[in-house]
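Derivation of every value follows stated rules applied to the coordinates shown; laboratory data play no part. Fair warning: this is a prediction, and the values are worked out from it, not measured in the lab. For neighbour counting, all protein chains shown are included, and Cβ atoms are generated from backbone atoms with ideal geometry for every residue, glycine included.
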Amino acid sequence: MQSEVMFAGFGGQGILLSAKILAHAGMEEGLEVAWVPSYGPEMRGGTAYCTVVISDRPIGSPIIRNPLHLVAMNRPSLEKFAPMVKPGGVIMINSSLISIGSGRSDIDELNVPANDIAKKLGNIRSANIVALSAFVARSKIVDFDILRKCVKKEFSKKEKLIPLNMEAVTAGGEAAKL
């Protein structure tokens, strides 16, 4: 089965990193993976997005018009990409920055205050890891323990950041259950 995930938000919110970690987790599970980042003037401040395709068979095209899932970290991203999500998918909304819903009844809407949770953990920059973890816990696109290992490995060269990000993984997983 193939699943496509669109990560979107402001440049600087860790959109590409979240997508990279998910792609790594898919590879660790032995799945086929495509990671397609969007670079350009949106890198700092504008809308940045990245697509990850995870499949148990070869991926025909990494370019996706209608993803199955969306992780929206800001309102412009939700407004732009939510209408494109396939029915039955998960839309993870960062409710710290987005005060509206997706307006969809044919998807699983997950509202997580990722920024607020990250602030409570001590660093707002971990909001992307909170959101990623909440999304994985709800969608079950990859095994949660494999995600945890991939987050730890991603920060292995900056060991002082590992405890914070491990807490962010746990908090995101718990937030998805609320």
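Things worth noting here:
- Residue pairs, from the table Lys20/Lys160; Lys119/Lys140; Lys120/Lys177; Lys80/Lys152; Lys86/Lys119; Lys119/Lys158, whose Cα atoms sit over 22 Å apart: Lys119/Lys140; Lys80/Lys152; Lys86/Lys119
- Assigned charges on the beta-carbon of Lys, Arg, Asp, Glu; the chain dipole about Cα centre (debye): 460
- What the phi angles of the range 146-158 give under the Karplus curve with 6.51, -1.76 and 1.60, with θ = phi - 60°, is a coupling list of 5, 4, 4, 5, 5, 5, 4, 5, 4, 9, 5, 7, 10 Hz, glycine and proline written as x.
- Contact order for the range 2-176, expressed relative to its length and based on alpha carbon pairs under 8 Å spaced 6+ residues apart, stands at 21 percent.
- Packing order of peptides 47-60, 117-130, highest average first: 117-130, 47-60 (average count of other Cβ atoms within 10 Å over each peptide's residues).
- Stretchable slack from Lys153 to Glu32, in nm (0.36 nm times residue separation minus alpha-carbon distance): 41.6 nm
- One equal scatterer on each Cα of the range 2-176, no solvent, Debye formula: the resulting log10 I(q)/I(0) at q = 0.14, 0.18 Å⁻¹ is -0.65, -1.13.
- Computed from phi, the 3J(HN,Hα) profile of the range 109-124 under the Karplus parametrisation 6.51, -1.76, 1.60 (θ = phi - 60°) reads 8, 10, 9, 10, x, 4, 5, 5, 4, 4, 4, 5, 6, x, 7, 4 Hz, with x in place of Gly and Pro.
- For the pair Ser99 and Arg57, label points projected 7 Å from Cα toward Cβ lie 4.6 nm apart.
- Between the residues Val85, Leu97, Phe144, the greatest Cα displacement towards the positive end of the dipole of the range 2-176, with unit charges on the Cβ of Lys, Arg, Asp and Glu, is found for Leu97.
- Per-residue ellipticity at 222 nm computed for the chain from its helices equals -11500 deg cm²/dmol, with DSSP H segments shorter than 4 residues left out and the rest contributing -39,500 (n - 2.57).
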